[in-house]
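Chemist: Let me begin by handing over the structure; questions about it come next.
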Amino acid sequence: MHKKYPIQLNERIHLIDGFDLGVAERTGTYVINEEELTIIDPGPSPSVKHVKIGLEALGFSLDQVKYIIVTHVHLDHSGGAGLLIQDCPNATVVVHPRGARHLANPERLVAGAKLVYGERFSKLFEPIISIPADRLLVKDEGDTLEIGRTCTLKFLDTPGHAKHHFSIFDPISNGIFSGDTVGIRYEQLIRDDVNLFLPSTSPNQFDPDAMRRAIDRMSEMNLHAIYFGHYGMTDAPHKALQQVSEWLDAFMKEAENVVAEQKGHDVLAQRLFNRVREYLRKSGIPDDHEVYFLIEVDMQVSAMGMIDFLKK
Ligand SMILES: [Zn+2]
């Protein structure tokens, strides 16, 4: 059964499932219970109702929400911020310097997402509501945000997946909210005892070198936890980062071959999918496992991003 209620990850942090793409355990919203109640990544607008139900189940009212932090402005992470903030009168949205203007004026963001998602756009993301500039707070590399007497979050500029992406360090759990910078975690496989972490190389700001730098930087931090945008927490960050780094190398090699052969992103997506399936078969995962719906979607989007990068 799908877990309906917020999942407690540690004493202060819960995870709410937003059922993005209509799928359980795909995109999550984190709730940090500090004096200033803080939410990280509200998800797309259709997830906002789940976030509200989750907050209520945790015993919080919407006027307690003080900060809504978005790791980056891709709509599956930030698209619901405008809708949510309408009902959170005391909340401020915290965003990367390159993301702020897109939250205030989402037209370009919407146009970009329509190119990637086509006719599925409306069902996945609407409504997109702009956020008044006076409710936005910009945080850059090294900036901090005090959310409790003993908790000051720190922001790290972490491009690679997108240029408008920061990650948020939580000193209490020695953990980092990594958005999509250091990959995707497939919760669906955890109950089969399989750890799969893949890079997310979406168009059109994917930068493999920046992504490698972010992976290296986080590796050197000796973290105890990584909280992934997709989806959930790992308490073995080193292994996760190692795996993402290996897949990134393998993906890029495959992408270079496909470009050299003058083939398109569909061919690349199929090859990436086959490689991942090969890995999962070796781990005993059957070909009809539910995770393949997500892997197919992710390989399509990642293939587009890599080809886009290599053709620049
Ligand atoms: Zn994402």
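The values are calculated or read from the model by the stated rules, or taken from the named source; none is laboratory data. Worth saying up front: this structure is predicted, and the values here are computed from it rather than measured. In this analysis, Cβ positions are derived from the backbone assuming ideal geometry, glycine residues included, and neighbour counts consider all displayed protein chains. The protein model used for the area step is the full one, side chains on, heavy atoms only, and it has no ligands, DNA or RNA in it. Shrake-Rupley method; radii C 1.70, N 1.55, O 1.52, S 1.80 Å.
Chemist: On average, how much accessible surface per residue is there in the chain, in Å², for a 1.4 Å probe, leaving out ligands, DNA and RNA?
Modeler: Here the per-residue accessible area is 44 Å².
Chemist: Let me ask you something else. In Å and from the alpha-carbon atoms only, list the Rg and Dmax of segment 193-237.
Modeler: That works out to 11.8, 33 Å for Rg and Dmax.
Chemist: Report, to two decimal places, the Cα Rg of segment 38-78 normalised by 2.2 N^0.38 Å (N = number of residues).
Modeler: Against the compact-globule rule of thumb, the ratio is 1.13.
Chemist: Okay, moving on. Apply 1/(1 + (r/R0)^6) to the Cβ-Cβ distance of T150 and D209, taking R0 = 35 Å, and write down the FRET efficiency to the nearest 0.05.
Modeler: Details: r = 37 Å, r/R0 = 1.04.
With R0 = 35 Å, the Cβ-Cβ based efficiency is 0.45.
Chemist: Let me ask another. Rounded to the nearest 5, what % of DSSP beta bridges with both residues in the chain are antiparallel?
Modeler: On the way: 26 of 40 bridges.
Roughly 65 percent of the DSSP beta bridges within the chain come out antiparallel.
Chemist: Enter the mean projected area of the convex hull around the alpha-carbon atoms of segment 132-290, in nm², rounded to one decimal. Numbers along the way, then the final one.
Modeler: Details: hull surface 46.1 nm².
Average projection, Cα convex hull of segment 132-290: 11.5 nm².
Chemist: In Å and on Cα atoms, what radius of gyration and Dmax does segment 87-189 show?
Modeler: Taking only Cα atoms of segment 87-189, I get Rg and Dmax of 15.6, 47 Å.
Chemist: Before anything else, pin down the relative contact order of segment 1-118: Cα pairs under 8 Å, at least 6 apart, normalised by residue count, whole percent.
Modeler: Details: 214 pairs, mean separation 22.9, N = 118.
This gives 19 percent for segment 1-118.
Chemist: Can I ask one more? Semi-axes, largest first, in whole Å: what does sqrt of 5 times each Cα gyration tensor eigenvalue give for segment 7-246?
Modeler: Details: eigenvalues 109, 88, 67 Å².
Working through the eigenvalues yields semi-axes of 23, 21, 18 Å.
Chemist: Okay, next question. What are the principal axis extents of the Cα atoms in segment 211-310, in Å, biggest first?
Modeler: Per principal axis, max minus min of the Cα coordinates gives 42, 32, 22 Å.
Chemist: Additional query: So for each of 130-143, 160-173 I average, over its residues, the number of other beta carbons within 10 Å; can you give me the resulting order with the highest mean first?
Modeler: Put in order of decreasing packing, that is 160-173, 130-143.
Chemist: Further, regarding this structure: Report, to the nearest 10°, how far helix 48-57 tilts away from the longest principal axis of the Cα atoms in the chain, using its own Cα long axis and a range of 0 to 90°.
Modeler: So the helix axis and the longest Cα principal axis differ by about 50 degrees.
Chemist: Set the bar at 21 Å for Cα to Cα. Now go through K239/K282; K139/K312; K263/K311 and name every pair that lies beyond it. Kindly include the intermediate steps, with their values, before the conclusion.
Modeler: Values: K239/K282 18 Å; K139/K312 29 Å; K263/K311 12 Å.
As for pairs spanning more than 21 Å Cα to Cα, those are K139/K312.
Chemist: How far is helix 107-117 tilted off the main Cα axis of the chain, in degrees rounded to 10, range 0 to 90?
Modeler: Once rounded, the angle reads 40 degrees.
Chemist: For segment 214-278 and segment 283-312, write down the distance between their C-alpha centroids in whole Å.
Modeler: 10
Chemist: Moving on. Pulled fully out, how much extra length does the chain show between D63 and D216, if you take 0.36 nm times their separation in residues and subtract their Cα-Cα distance?
Modeler: Values: separation 153, 0.36 × 153 = 55.08 nm, distance 3.86 nm.
Result for the pair: 51.2 nm of gain on full extension.
Chemist: Let me have the relative contact order for segment 167-277, percent, based on Cα pairs under 8 Å that are six or more residues apart.
Modeler: Values: 133 pairs, mean separation 29.1, N = 111.
It comes to 26 percent, rounded to a whole number.
Chemist: Normalising by the residue count of segment 7-246, find the relative contact order in percent from Cα pairs under 8 Å and 6+ residues apart.
Modeler: Working: 534 pairs, mean separation 38.7, N = 240.
16 percent.
Chemist: Continuing with the same structure: Residues with amide H under 5 Å of V65's amide H, sequence separation 5 or more or different chain, H placed in the peptide plane at 1.01 Å from N; which?
Modeler: Long-range HN contacts for V65: none found.
Chemist: Considering the Cα positions of segment 165-242, please state its Rg to one decimal place and its Dmax as a whole number of Å.
Modeler: Just the Cα atoms of segment 165-242 yield Rg and Dmax of 12.0, 34 Å.
Chemist: Going by alpha carbons, how many degrees (0 to 90, nearest 10) lie between the helix axis of 265-282 and the longest principal axis of the chain?
Modeler: Orientation of helix 265-282: about 90 degrees from the principal axis.
Chemist: Mind grabbing the accessible area of K154 for me, 1.4 Å probe, Å², rounded to tens?
Modeler: Approximately 90 Å² of K154 is accessible to the 1.4 Å probe.
Chemist: Quick check: at a probe of 1.4 Å, how many percent of the accessible area of segment 79-223 sits on carbon and sulfur atoms? Walk me through the numbers on the way to the answer.
Modeler: Details: 2850 of 6280 Å².
C and S atoms contribute 45 percent here.
Chemist: If you don't mind, there's one more thing I want to ask. Lysine pairs, Cα distance under 17 Å, 8 or more residues apart or cross-chain: how many in segment 1-115? Spell out each step's value before the answer.
Modeler: Details: K3/K49; K3/K52; K4/K49; K4/K52; K52/K66.
Close lysine pairs under the 17 Å cut-off: 5.
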